[in-house]
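Before anything else, here's the structure in question.
The values are calculated or read from the model by the stated rules, or taken from the named source; none is laboratory data. What you see is a predicted model; the values in this text were computed from it and never measured. Ligands, DNA and RNA are excluded from the accessible area calculation, which covers all protein heavy atoms including side chains. Shrake-Rupley method; radii C 1.70, N 1.55, O 1.52, S 1.80 Å.
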Amino acid sequence: MKKTFCILATALALAACGTQQNQKTVAPETIIDFHAAATTGDIARAKELLAKGVDVNTTSDTGTTAIHRAALSCNLDMIEMLVENGADL
């Protein structure tokens, strides 16, 4: 079941790639840190950055969001946390 969910989440994430909506009030390094936390499953760091004002749906220069990266890493706990904080699906 987890593998099926991961495959579905990854497919949905990749289908949504390409729409850039970069947040202008947060340093690019902070966005990179946020996406790295999503990729590695560092929920505490991701929550810390959200509390500092990172938009949960901010995109990288390639158009991916944190939820895309969490889905590609099959990190269900991170996906859940991001959705709870308003991530678009």
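What does the accessible area of T62 come to, in Å² to the nearest 10, when a probe of 1.4 Å is used?
90
How much length is gained on full extension from T40 to K52, taking 0.36 nm per residue of separation minus their Cα-Cα distance?
2.4 nm
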